[in-house]
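Worksheet: the structure to be examined is printed underneath.
The values are calculated or read from the model by the stated rules, or taken from the named source; none is laboratory data. Quick caveat: nothing in here was measured; it's all calculated off a predicted structure. Backbone-built Cβ (ideal geometry, glycine too); neighbour counts: all protein chains shown. For the accessible areas, the whole protein counts, side chains as well, though only heavy atoms, and no ligand, DNA or RNA atoms are used. Shrake-Rupley method; radii C 1.70, N 1.55, O 1.52, S 1.80 Å.
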Amino acid sequence: MKMTSEQQQSIEEWMDFLKIPSISADSNFKADVRRAAHWVQQALLDSGCTTVDLIDTPGHPIVYGEYLIDPKLPTVLVYGHYDVQPPDPVELWKSPPFEPVIKSTELHPDGAVFARGACDDKGQVFMHIKALQKMIADQSLHTNVKFMVEGEEEVGSDHLEDFVKKNKEKLQCDIILISDTGMISNEQPSITTGLRGLSYMEITVTGPNRDLHSGLYGGAVANPINVLCEIIAQLQNEKHQVNIPGFYDKVQEISSEERALMGRIPFDESGFKNSIGINDTRGEAGYSTEERRSIRPTLDVNGIWGGYTGEGAKTVIPGEAHAKISMRLVPDQDWEEISRLFTQQVEALAPKSVSVKVTTHHGGYPYVTPIDTLGYQAAHAAYSDVFGVAPVPHRGGGSIPIVPMFEKELGVKSILMGFGLDTDAIHSPNEHFGLFNFFKGIATIPKFYHHFARLMGAKNQ
Ligand code: BES
Ligand code: MN
Ligand code: MN
């Protein structure tokens, strides 16, 4: 790809941002997370924002910036996050996670930047900063802009709700714009119209008061790991439905018309399997792969540990076993209720021979947005201008719990204009973000502002 010096400069700045290991989950990186917040603050100031504050919370700071032109003009609030997931397992990275490099791939022939956070979400936040800079510089901006970039998204956005509740006036806006999702492919752009909710749980099974010799005691006492596996196995039935009483009670069934419409979006099942190296897919009976990962709820073990996992063999019955389990939820499931139902079911499945403790980590509500809004129309026009192809609405399988929270607290809908690809390996080793995608983002965002201002102006006339 031939690049202008301005584009090269943008890539270098983006790579600088990626060098900061802003891992919100690991307290050893607290200072680095703060450094990333300062980096965002400076980048927003450099782009031309008039005021940019770094707001401390009991966790990681929130960066809030403004470029206000006229209170009579519409206001766009941009949200994103500068924190990243831990890079583990580090040994599977082909280049170090915080030493960004550009490499080409089959899907990114023009090159992609490889680093933790390249796509989720530093790369996509930086697209917005660059787009703002361009619009301020060439005076093409005809809306007010507010930026809220947080550092705790990957750990549940614990302190954002409080900030939003206390700053409703300041955050007042007509639309929230977020690039923290993906699109179908570089040839077929899409706008995310749904997100799943989340309930994240942990189970601890405790057996004997110490690790035991598995010959002397084996067969006579319940092994906590065996019991944990039995409990987990019973949480799904042979149709791969979640076996928790009440779990599906509030699930909105999607009409066959809407399912047929969704089914028209091209999906390459064998490409999907090849890209992750599996021979077959698996999921809830009666639903397609695309449906299973968007409109249906799930239950997955994220981690399981206990007993001896070191080198060689050790004969032992462990005293404890642990598992982290997440459930993806769909409208109208309530994550607090689901967390309660999960706890009750796990307790009901626990035998007397062990004790079982269930705790809730965090959760979030699912989200759907209609496509007949001005915001959606503006996004539709923006993608059409830049890609030469009309974008299609698409429900995502991931979760961004603050999106339904914004709707509840501010009464404002979010437009999810994501530019990543599913294969960009977010949360996995070798995360990357295509240069094509990065620059398409920088080109599409100003078009969104333009069309949104135009449509809002027409409405108010
Ligand atoms: N950006 C993702 C969410 C996402 C990615 C949504 C792709 C749709 C498509 C976000 O950073 C994320 O990872 N969210 C977490 C939830 C959070 C509460 C930890 C998730 O989905 O696991
Ligand atoms: Mn994200
Ligand atoms: Mn993420």
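Points worth noting:
- Hits in the range 396-413 - residues which are within 12 Å of ligand 1 (Cβ to nearest atom) and touching a strand residue (DSSP E or B) at 6+ places or on another chain (Cβ under 6 Å): Gly396, Ser399, Ile400, Pro401, Val403, Pro404
- Test result for Pro97, out of contact with any strand residue (DSSP E or B) (no Cβ under 8 Å at 6 or more places or on another chain) and surrounded by 18 or more Cβ atoms within 10 Å (Cβ to Cβ): yes
- Some residue of the range 129-146 being within 16 Å of ligand 3 (Cβ to nearest atom) and open to solvent by less than 10 Å² (accessible area, probe 1.4 Å): no
- Criterion: modelled with pLDDT under 95 and either more than 16 Å from ligand 3 (Cβ to nearest atom) or closer than 15 Å to Pro189 by Cβ (or both) - qualifying residue of Ile371, Ile442: Ile371
- Selection from the range 130-164 of residues that are charged (D, E, K, R), away from ligand 2 (no atom under 16 Å from the Cβ) and in contact with an Asp or Glu (Cβ under 6 Å, 6 or more places away or on another chain): Lys146
- Any hit, the range 65-76, residues being within 16 Å of ligand 2 (Cβ to nearest atom) and among the small types (Gly, Ala, Ser): no
- Only one entry in Phe126, Phe163, Phe114 is surrounded by 24 or more Cβ atoms within 10 Å (Cβ to Cβ), away from ligand 3 (no atom under 16 Å from the Cβ) and either in contact (Cβ under 8 Å) with a residue 12 or more places away in the chain or in the same structural domain as Cys49 (by TED's automatic domain parsing) (or both), namely Phe114.
- From the options Gly418, Gly434, Gly396, residue that is open to solvent by less than 30 Å² (accessible area, probe 1.4 Å) and at pLDDT below 95: Gly396
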